[in-house]
Amino acid sequence: MKKFLRSFSAIAIALVLVLSVPVTASLATPTVWGLGLKNPKVFGHRHQDLDSVACTLATTYLLKSRGIEATACRLDDYNSETKFVFKYFNLNPDIKKIDRVEDKEQVVLVDHNEFKQSAPNIENADLKLIIDHHGLNGFNYANPFEIHTYPIGAAATALYNMLKDENLLDNKEVNAFLLSAIISDTLCLTSPTTTESDKLAAESLAKMLGLDLKKYGFELLSAAATIEDKTERGVLLEDSKLYEVDGVKYRVSAVNVTTVKPFLAKQKAFEAEMKKIIAEDKVNFFAVMVTDILAGDTELFVMGDMAKEITKKAFNQDLKDNHIFLKGVVSRKKQIVPPISKALKK
Ligand SMILES: [Mn+2]
């Protein structure tokens, strides 16, 4: 009997293992319900990057194809990667620039969920839908709404799958942005946030667009990975996000480069601008990731009242000359924000 039980439990464990093997070939079918949507404004985070732009366009396209009117919006000017995509594919998408949202206005958030990173007055809008791939740090909203969030490298990958499910991968503009967004958010599929889903989506989109994925990816990333011809403020705020954990406010910016030398050469000027931004934001600290996309490492510059303390607690390093070196670190979402949040919650 004992023997039988042992072999029975072995079979049961084997069965559980077989059944729980993740299906890496495709993302579980994501379906947007879109219940009660009536001409919502669709937009990504402040200082919107390619992922936010791609998700805004793709979500608007998905809703419109179902007969739901929706307005593609943005909160800021386009960044250099986005401008590169416009030029490369000769595109000029219709995305309305807005400064704030009105009370009770319907909104759809893509590529973000934190109100700190969203449109001014977002607290008073009518939030209907979120499509995202970030953690829910202090998310708080009293009314029912629809949310789809996946642990994937780019939110654009979720949109790719949603469009695929509804046979809507027929829009060249949307496809070009989705591919570019996946490349941008995953550093051409090299970031630790990259999943099998991101790879499959990027490969299939590149094929549809007749592009060599690696070649186009390198062109896109290196075109924007420069601080030349940009002001200090422009460099520091081009890809920047605000966070708040237990009453501590902080900002983390990401700057991609192919060499950190030009940044170090202007370090004093960057630090002066960081101080101004800290005063304007009233944040406790400001961290700037200067990521060498070729080497896959980050030089992290940190300033503000809590700079020394947070660098020690989160990364176990002493801040020297306002920066630390983080080997193999390229992802704000996965390698910078979680250790900081953890350190702040202690
Ligand atoms: Mn994203």
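Here are the numbers for the structure shown:
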item: Only listed residue being under 22 Å from the mean Cα position of the chain (by Cα), in a helix (DSSP H, G or I) and aliphatic (A, V, I, L, M), chosen from VAL337, VAL283; result: VAL337
item: Any hit, the range 244-253, residues being buried (at least 21 other Cβ atoms within 10 Å of the Cβ), at pLDDT 95 or above and either within 16 Å of the ligand (Cβ to nearest atom) or closer than 25 Å to GLY34 by Cβ (or both); result: yes
item: Selection status of ILE131, within 11 Å of the ligand (Cβ to nearest atom), of a type in the set (A, V, I, L, M) and modelled with pLDDT of 95 or more; result: yes
item: Selection status of SER180, of a type in the set (Gly, Ala, Ser), within 16 Å of the ligand (Cβ to nearest atom), within 21 Å of GLN335 (Cβ to Cβ) and not in a loop (DSSP other than H, G, I, E, B); result: no
item: Close pairs (7 angstrom Cβ cut-off, 6 or more residues apart or separate chains): free of Cβ contacts under 8 Å to residues at least 60 places away in the same chain in the range 150-164, surrounded by fewer than 24 Cβ atoms within 10 Å (Cβ to Cβ) anywhere; result: GLY153/SER191; GLY153/THR193; GLY153/THR194; GLY153/THR195
item: Single match in PHE115, PHE139 (criterion: farther than 19 Å from ALA224 by Cβ, aromatic (Phe, Trp, Tyr) and either surrounded by fewer than 18 Cβ atoms within 10 Å (Cβ to Cβ) or within 16 Å of the ligand (Cβ to nearest atom) (or both)); result: PHE139
item: Residues (hydrophobic (A, V, I, L, M, F, W, C) and not in a loop (DSSP other than H, G, I, E, B)) located in the range 142-177; result: ILE147, ALA155, ALA156, ALA158, LEU159, MET162, LEU163, VAL174, ALA176, PHE177
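The values are calculated or read from the model by the stated rules, or taken from the named source; none is laboratory data. Small disclaimer: the values here were computed from a predicted structure and weren't measured. All Cβ positions, glycine included, derive from the backbone under ideal geometry; neighbour counts span all protein chains shown.
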